[in-house]
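Mind looking over this structure? Questions follow.
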Amino acid sequence: MPVIESSAALLILWGVIGYLLGSIPFGMVLARAMGLGNLRKIGSGNIGATNVLRTGNKTAAALTLLLDGAKGAVAVLLARAMAAEDAAQVAGLMAMLGHCYPVWLRFNGGKGVATFLGIVLALVWPVGLGCCVAWLIGALTSRISSVGALAAGSVSTFLMVLFGAGNALLLGAVLTLLIFWRHRGNIKRIKAGTEPRIGRAA
């Protein structure tokens with residue numbers, strides 16, 4: 001854990017800011033703006049980049065991936081620049097929760113993979129880079145997006161230890177648990193051999 005430098009009020013403020021940033025449903029916004037329809041009625045109904053890809057629009061999917069990652073990174077970097085490391089970690093955690101459980105969507109959001117990667121990149125960039133590589137390897141070799149997500153989550157704690165990021169270890173573990181929790185249905189389908197592959201309908 002980082003050293004607690006900020007007041008409780010400041011931590012709450014950055015928690016709220018992080019949540020609000022994380023709760024922006026870029027996938028849904030882009031899908032509607034680009035005339036792709038309601039994501040809730042497409043594929044898995046998820047608001048993330050993988051489901052946006054099922055519309056057939058690769059540009060929209062790529063933009064969703066980048067923006068969902070950016071909102072997590074921005075929450076961390078803003079809080080770090082304007083407050084301290086403890087506020088940055090609170091903002092990062094709340095950005096993840098905002099993406100997964102946005103109040104605007106009745107707390108039914110995305111799986112949090114891109115936001116997770118953005119948060120970890122902003123926290124400790126070598127760890128984030130390693131998680132991105134793990135995601136790519138897992139997704140490309142299996143052609144299953146959720147396998148990449150689980151691979152990225154699985155290596156994050158090990159990489160934090162490897163790169164001496166002990167002050168972010170607890171947050172990294174919590175984020176990893178969230179990734180696995182949000183993918184519990186995917187894990188069941190992977191075991192059953194019914195998990196859809198990238199680009200195919202759910």
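Name the residues in region 1-36 that are farther than 30 Å from Thr59 by Cβ and not in a helix (DSSP H, G or I), would you?
Listed by number, the residues that qualify are Met1, Pro2, Val3, Ile4, Glu5, Ser6, Ser7.
Does region 109-119 contain at least one residue that is closer than 23 Å to Leu11 by Cβ and free of Cβ contacts under 8 Å to residues at least 60 places away in the same chain?
Among the residues of region 109-119, at least one is closer than 23 Å to Leu11 by Cβ and free of Cβ contacts under 8 Å to residues at least 60 places away in the same chain, which makes the answer yes.
Does Ala49 count as modelled with pLDDT under 90 and either farther than 22 Å from Ser145 by Cα or crowded, with 20+ Cβ neighbours inside 10 Å (or both)?
So Ala49 fits the description; yes.
May I pose another question? Find the residue count for region 56-74, including only residues that are at pLDDT 85 or above and more than 19 Å from Phe116 (Cα to Cα).
Looking only at that region, the number is 4.
Still on this model: When you scan region 66-77, do you find a residue that is over 18 Å from Cys100 (Cα atoms) and within 19 Å of the chain's Cα centre (by Cα), even just one?
yes
Just one of Leu78, Leu105, Leu66 is free of Cβ contacts under 8 Å to residues at least 60 places away in the same chain, at negative phi and of a type outside the set (Lys, Arg); which is it?
Being free of Cβ contacts under 8 Å to residues at least 60 places away in the same chain, at negative phi and of a type outside the set (Lys, Arg) holds for just one of Leu78, Leu105, Leu66, which is Leu66.
I'd like the full set of residues that are within 12 Å of Glu5 (Cα to Cα) and part of a helix (DSSP H, G or I), limited to region 79-88.
Across region 79-88, the qualifying residues are Arg80, Glu85, Asp86, Ala87, Ala88.
From (1) open to solvent by 20 Å² or more (accessible area, probe 1.4 Å); (2) free of Cβ contacts under 8 Å to residues at least 12 places away in the same chain; (3) not polar (S, T, N, Q), pick out the condition that doesn't hold for Gly128.
(1)
Which residue is nearest to Phe26 (Cα to Cα), if the candidates are limited to region 48-72 and must be outside any helix (DSSP H, G or I) and not polar (S, T, N, Q)?
Here the answer is Gly48.
Let me ask something else about it. Among the residues that make up region 11-27, is at least one of them touching an Asp or Glu at 6+ places or on another chain (Cβ under 6 Å), of a type in the set (Gly, Ala, Ser), at pLDDT 90 or above and within 28 Å of Leu171 (Cα to Cα)?
no
Just to check your reading of the model, which residue among Leu117, Leu65, Leu77, Leu123 is surrounded by fewer than 21 Cβ atoms within 10 Å (Cβ to Cβ) and either among the aliphatic types (A, V, I, L, M) or out of contact with any strand residue (DSSP E or B) (no Cβ under 7 Å at 6 or more places or on another chain) (or both)?
It is Leu77.
The values are calculated or read from the model by the stated rules, or taken from the named source; none is laboratory data. Everything quoted here is computed from the prediction, not taken from an experiment. Using ideal geometry, Cβ is built from the backbone for each residue, glycine included, and neighbour counts are taken over all protein chains shown. In case anyone asks, the SASA skips ligands and DNA or RNA and just uses the protein heavy atoms, side chains included. Shrake-Rupley method; radii C 1.70, N 1.55, O 1.52, S 1.80 Å.
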